[in-house]
1. Taking 7 Å along the Cα-to-C-beta vector as the label spot, tell me the Asn27-Thr103 distance in nanometres, rounded to one decimal.
2. Defining a contact as two alpha carbons under 8 Å apart and six or more residues distant in sequence, what relative contact order in percent does the chain show?
3. In sequence order, what are the phi-derived ³J(HN,Hα) couplings for segment 248-258 according to the Karplus relation 6.51 cos²θ - 1.76 cosθ + 1.60 with θ = phi - 60°, rounded to whole Hz, with x for glycine and proline?
4. In segment 139-274, if every C-alpha pair distance is counted and binned at 5 Å from zero, what percent goes to each bin?
5. Could you tell me which GluC sites (Glu not before Pro) in segment 200-274 are loop residues by DSSP with no more than 15 other beta carbons within 10 angstrom of their beta carbon?
6. Which angle between 0 and 90 degrees, to the nearest 10, do you get for helix 89-100 versus the longest principal axis of the chain when only C-alpha atoms count?
7. Where the Cα atoms of segment 16-111 are projected onto their three principal axes, how long is each span, largest first, in whole Å?
8. Taking loop as defined by DSSP and a crowding limit of 14 other beta carbons within 10 Å, which trypsin sites (Lys or Arg not before Pro) in segment 119-191 fit?
Amino acid sequence: MEVLNLMNSSTPAQSLGAEKPGVSPANRSLERGIEILRSFRPGSELLGNAEIAERTGLSRSTVSRLTQTLVGCGYLQVEARTRAYRLAPAVLSLAHAMRSGSTALAIAAPHMRDASQAERLNVGLAAPDRDEMVYLESIRYNRRPSLRRVVSGQRVPMELTSLGRAYLAVAPEGQRKALLAHFRRTRRTQWATLGPALAAAIRDVEEKGFCAAAWQPEVVALAAPLLFKGSRYALNVSLSTAEPLASAVRELAPTLLALSARIQHDLDVATDAW
């Protein structure tokens with residue numbers, strides 16, 4: 001597989017997502033409205049039109065029109081004093097509907113919980129969203145005290161994490177090339193080391209069934225891909241440890257591989273019964 005021979009052209013954010021089904025043209029107003037909702041991230045409770053315009057690249061007049069529409073639809077609220085916007089509860093209800101309706105999560109979660117409790121490990125399941133991975137579930141049993149909290153809905157960078165690298169190994173070829181080109185452009189100063197690391201992680205998944213990463217101090221994570229009804233997920237186990245990476249990998253790999261095999265088996269059974 002050719003991993004490092006990448007295109008250098010810029011890649012629109014939308015092209016990093018899943019392919020659009022069907023042949024009808026995209027609805028530009030809907031796309032722009034969704035971009036406005038996406039501009040809200042943790043730490044950005046309130047955003048004004050100017051801030052939203054800066055984050056989305058949309059004109060202030062377009063943002064003003066669409067934020068009013070989103071308020072009317074119940075997806076944004078206005079703070080009277082500042083005239084800034086916050087996400088409305090309806091957005092949370094969509095997230096709840098997604099999680100409660102996810103067959104993949106319903107199948108994986110009991111296995112994840114059992115493994116986390118038995119091994120005193122952190123176990124997570126994530127799905128891709130553009131150039132990030134979004135946690136669907138995170139069950140945490142740290143052996144050592146840790147200030148880091150990971151919850152459902154939290155995003156992590158695809159290119160730096162074992163979750164993201166495991167996903168890249170099984171992503172559709174066109175999407176993987178677009179993502180790698182995007183990372184090469186956005187991580188230009190780090191690409192001399194990041195590019196080979198991504199290539200090595202993809203090879204590890206192909207040859208060993210998992211890859212490892214330690215992108216945060218004293219945290220080692222291993223991840224493996226899972227496939228279900230055409231969708232691609234990544235499962236990880238992680239440990240807060242001062243041990244060298246190689247030692248932690250030897251400890252965690254059997255647990256991850258056994259866990260991913262159990263979950264993938266049940267996912268396959270559910271697929272056959274579908």
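1. It is 2.7 nm.
2. Dividing the mean separation by the residue count of the chain yields 18 percent.
3. Result, ordered by residue: 5, 5, 4, 6, 8, 4, x, 5, 4, 5, 5 Hz.
4. 2, 10, 18, 22, 20, 15, 9, 3, 1, 0
5. Glu218
6. Once rounded, one gets 30 degrees.
7. Sorted from largest, the Cα extents of segment 16-111 read 47, 36, 23 Å.
8. Working: sites: Arg120, Arg130, Arg140, Arg143, Arg148, Arg149, Arg155, Arg165, Arg176, Lys177, Arg184, Arg185, Arg187, Arg188; in loops: Arg120, Arg130, Arg140, Arg143, Arg148, Arg149, Arg187.
In loop regions of segment 119-191 (DSSP not H, G, I, E or B), the sparsely surrounded trypsin sites (Lys or Arg not before Pro) are Arg120, Arg143, Arg148, Arg149.
The values are calculated or read from the model by the stated rules, or taken from the named source; none is laboratory data. Keep in mind it's a predicted model, so treat the numbers as computed, not measured. All Cβ positions, glycine included, derive from the backbone under ideal geometry; neighbour counts span all protein chains shown. Surface areas here come from the heavy atoms of the whole protein model, side chains and all, with no ligands, DNA or RNA. Shrake-Rupley method; radii C 1.70, N 1.55, O 1.52, S 1.80 Å.
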